[in-house]
Amino acid sequence: MTRSPWIIYPAAGITILLLGFALAVPYLNHFPSHIHAWAQADWYSIAIGFTQNGHDLFHPETLIFNKQYPSYWFQDDGSVVTSVDFPLHEFVVSILMGLFGTTEPWVFRLWTLLWSLAGMWFLFLLSWRITGRAWPALLPVLVAITSPVYAYYFNGFQPSALAISFATAGLWAYVVHWQERRKGFWQVSVALLALAALVRTSFAVPLVAVCGFEALRLLLEEIKKTGHRHLLRSALQWLAPVALAVCAILGYMLWNKHLRETNGSLFLNELRPPRSWEDVQGVRRLVHERWHYHYFSRPQLWLMLVVAAVGFLRSLVLRRKPSPLSGLLALYLFGEGLFFVAMMLQYADHDYYFLDSFFLPLLLCFIWSLRGWPSAEEVLAKQRWRLPAKAMHGALTAVMVLLGIFFYNAAKHNLSERYGDKNDRALLCMLNFEGSAQWLDQCGVPRNAKVLTPFAYPQNSPFILMQRKGYALMWPEASHVDAAFRLPFDYVVIEDDMLRAHYADFPALGRLRRIAGNGRLSLCLYGDTAVTHDASQFFLPQPLGGK
């Protein structure tokens, strides 16, 4: 790694902070809505659950009793405890919520943002380590932080961006260990990669890739240099942190399995491979239609392709030997390919699975491609017109600034589209339930009452806003409705527009007796017999009756 002017550190830090805050601040207090509001509200509810269960890290809670897995919302699981990937960040957020005295979304979003920006700093350091040049090392950071899908989640509630930060820092620590043989960085690398895998199971791939590559290095290099007699000592130094990491991951997996079997779960815990070639074609088509320029914007894709092509051709012409670390990248990509096959069906509907898999290794491919480009010093040495060095560096800086502007505008436009749908169902649900906690207090509904929310989407959003727990009924399907109205709820809170839309479809809605309303929501009791026969009659004053 070459020495560079001290100005590169503040320049990199300021660039990361400016781009990060410029993209994130307009949405810093947005409640989970729009794309994947369902998953984001679920993670948000885990943080709120910790504020209510005395910060019990090993019994994470949501706000609903009838969870999706394994009963598909059809039964009362008897508890709001849920299995979930190790909820470290949600636990920290709950502590911050206590310190700030609020559970508003900005607390969670700000924590995620700051941690994500720290990850971008480590990406810069990693890029510098691999390319050997500081200023070009900023280019992958510009691409990463303005990737539309990353810009959407790097201040959100999903753990993917947080796991990326852990993994990036872990890869940087490993490269330091590999380049300088500093054994302490091996332990740091394994610890960080293990944390990434704990908070997001899919990030076990870089951990396995790094451990496998380091084991091969020990076998091939240590035997050659020191002989067999030192191999055991080196193997023990390799094995100790790996064994601790594996024990931590497997131990939590077993505990998580216990939580799932005992309490149910909000979160998927099974593989989703394609079942036929038609599935493969369908996923390919849907990913192209929905997420084509969401992973990387058009100018970013063109830049990455050009850099890769020029870097590869120049390496061929100069007959440069590939870096030994290329083997690590190959293992990483192979592992992510296996993960993609195992979870392929998820990619059609979930853009964040790209962050969980190919985002980081593709950035590493881009960094590797930059190694093949000539440095500014090489260009200056071969030029005919004797362009001053300051002018050359100024031109390169101007190009970087222009690229940053293009990337930023593309990311900003994508965010505007993602947040701009005024008819988004999750957004409308949030607007309907806004202020509902205070309204239910005024109606005399206790905080410990169990509430059923028919047709509210997503499942946890109404309960976050009502500051109560209960039963979710998202889908207007007969089997779901029949099962939900048999659950042991105390009150029903239904959105007026959803009741009008579905009143004629389900006879159970005729058994609701409206006892209060605020123009957006109706508070109801549920009886054994029908009390209304059409939607307009439902909104007329009715005599009170019990459930």
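Summary of values
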item	result
Which listed residue, of ALA39, ALA22, is among the small types (Gly, Ala, Ser) and within 24 Å of ARG425 (Cβ to Cβ)	ALA39
Failed condition for ASP497, given (1) in contact (Cβ under 8 Å) with a residue 60 or more places away in the chain; (2) open to solvent by less than 10 Å² (accessible area, probe 1.4 Å); (3) outside any loop (DSSP other than H, G, I, E, B)	(2)
Subset tally (residues that are open to solvent by 40 Å² or more (accessible area, probe 1.4 Å) and not in a helix (DSSP H, G or I)) for the range 77-100	1
Residue in the range 500-514 that is outside any loop (DSSP other than H, G, I, E, B), surrounded by fewer than 19 Cβ atoms within 10 Å (Cβ to Cβ), in contact (Cβ under 8 Å) with a residue 60 or more places away in the chain and not basic (Lys, Arg) present	no
Test: TRP73 is open to solvent by 50 Å² or more (accessible area, probe 1.4 Å) and either of a type in the set (A, V, I, L, M) or under 25 Å from SER479 (Cβ atoms) (or both)	no
So ALA426, is it modelled with pLDDT of 95 or more and either open to solvent by 60 Å² or more (accessible area, probe 1.4 Å) or assigned to a helix (DSSP H, G or I) (or both)	yes
Options LYS412, LYS450; residue that is of a type in the set (Lys, Arg), touching a residue at least 60 places away in the same chain (Cβ under 8 Å), under 30 Å from PRO140 (Cα atoms) and open to solvent by 10 Å² or more (accessible area, probe 1.4 Å)	LYS412
Residues of the range 421-462 satisfying the condition of being small (Gly, Ala, Ser) and in contact with a helix residue (DSSP H, G or I) (Cβ under 9 Å, 6 or more places away or on another chain)	ALA426, GLY435, SER436, ALA437, ALA449, ALA456, SER461
Some residue of the range 61-69 being out of contact with any Leu (no Cβ under 7 Å at 6 or more places or on another chain) and in a helix (DSSP H, G or I)	no
Residue check for SER94: more than 20 Å from ALA39 (Cβ to Cβ) and polar (S, T, N, Q)	no
Residues of the range 453-486 satisfying the condition of being assigned to a strand (DSSP E or B), open to solvent by less than 10 Å² (accessible area, probe 1.4 Å) and not small (Gly, Ala, Ser)	THR453, PRO454, TYR471, LEU473
Cβ-Cβ under 7 Å pairs, at least 6 apart or on other chains, the range 178-203 side within 30 Å of PHE267 (Cβ to Cβ) and in contact (Cβ under 8 Å) with a residue 40 or more places away in the chain, far side among the polar types (S, T, N, Q) and buried (at least 20 other Cβ atoms within 10 Å of the Cβ)	ARG200/SER160; SER202/SER357
All positions within the range 453-473 that are more than 15 Å from GLN40 (Cα to Cα) and either touching a residue at least 60 places away in the same chain (Cβ under 8 Å) or acidic (Asp, Glu) (or both)	ARG468, LYS469, GLY470, TYR471, ALA472, LEU473
Qualifying residue in the range 9-28 (condition: assigned to a loop (DSSP other than H, G, I, E, B), in contact with a Ser or Thr (Cβ under 9 Å, 6 or more places away or on another chain) and either open to solvent by less than 50 Å² (accessible area, probe 1.4 Å) or closer than 17 Å to LEU162 by Cα (or both))	no
Residues (assigned to a helix (DSSP H, G or I), open to solvent by less than 60 Å² (accessible area, probe 1.4 Å) and under 27 Å from VAL141 (Cα atoms)) located in the range 274-309	VAL287, TRP291, HIS294, TYR295, PRO299, GLN300, LEU301, LEU303, MET304, VAL307, ALA308, ALA309
Test set (1) touching a Lys or Arg at 6+ places or on another chain (Cβ under 6 Å); (2) over 26 Å from LEU250 (Cα atoms); (3) open to solvent by less than 10 Å² (accessible area, probe 1.4 Å) - THR131 fails condition number	(3)
Tabulated pairs, the range 429-447, first acidic (Asp, Glu), second open to solvent by 30 Å² or more (accessible area, probe 1.4 Å), C-beta under 7 angstrom, 6+ apart or interchain	GLU434/LEU465
Any hit, the range 516-539, residues being over 30 Å from GLN52 (Cα atoms) and either of a type in the set (Lys, Arg) or crowded, with 20+ Cβ neighbours inside 10 Å (or both)	yes
Given (1) open to solvent by 20 Å² or more (accessible area, probe 1.4 Å); (2) under 30 Å from THR103 (Cβ atoms); (3) not in a strand (DSSP E or B), index of the condition PHE489 fails	(1)
Pairs with Cβ under 9 Å, 6+ apart, first in the range 97-111 and among the polar types (S, T, N, Q), second not in a helix (DSSP H, G or I)	THR103/GLN467
Filter result (touching a strand residue (DSSP E or B) at 6+ places or on another chain (Cβ under 8 Å) and not polar (S, T, N, Q)) within the range 259-268	LEU259, ARG260, GLY264, LEU266, PHE267, LEU268
Residue, surrounded by the most Cβ atoms within 10 Å (Cβ to Cβ), within the range 150-165, restricted to residues that are of a type outside the set (S, T, N, Q) and either farther than 26 Å from ARG129 by Cα or without any contact (Cβ under 8 Å) to a residue 12 or more places away in the chain (or both)	PRO159
Exclusive hit being touching a residue at least 60 places away in the same chain (Cβ under 8 Å) and in contact with a strand residue (DSSP E or B) (Cβ under 9 Å, 6 or more places away or on another chain), set THR168, THR82, THR146, THR131	THR82
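Residue-wise test of (1) in contact with a Phe, Trp or Tyr (Cβ under 7 Å, 6 or more places away or on another chain); (2) among the acidic types (Asp, Glu).
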residue	(1), (2)
PHE455	no, no
MET474	yes, no
HIS480	yes, no
LEU487	yes, no
ASP490	no, yes
THR529	no, no
LEU540	no, no
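The values are calculated or read from the model by the stated rules, or taken from the named source; none is laboratory data. From a predicted model like this one, the values you see are computed outputs, not experimental measurements. Heads up, the Cβs are rebuilt from the backbone with ideal geometry, glycines too, and the neighbour counts pull from every protein chain shown. To get the accessible areas, we keep the full protein, side chains included, count just its heavy atoms, and leave off ligands, DNA and RNA. Shrake-Rupley method; radii C 1.70, N 1.55, O 1.52, S 1.80 Å.
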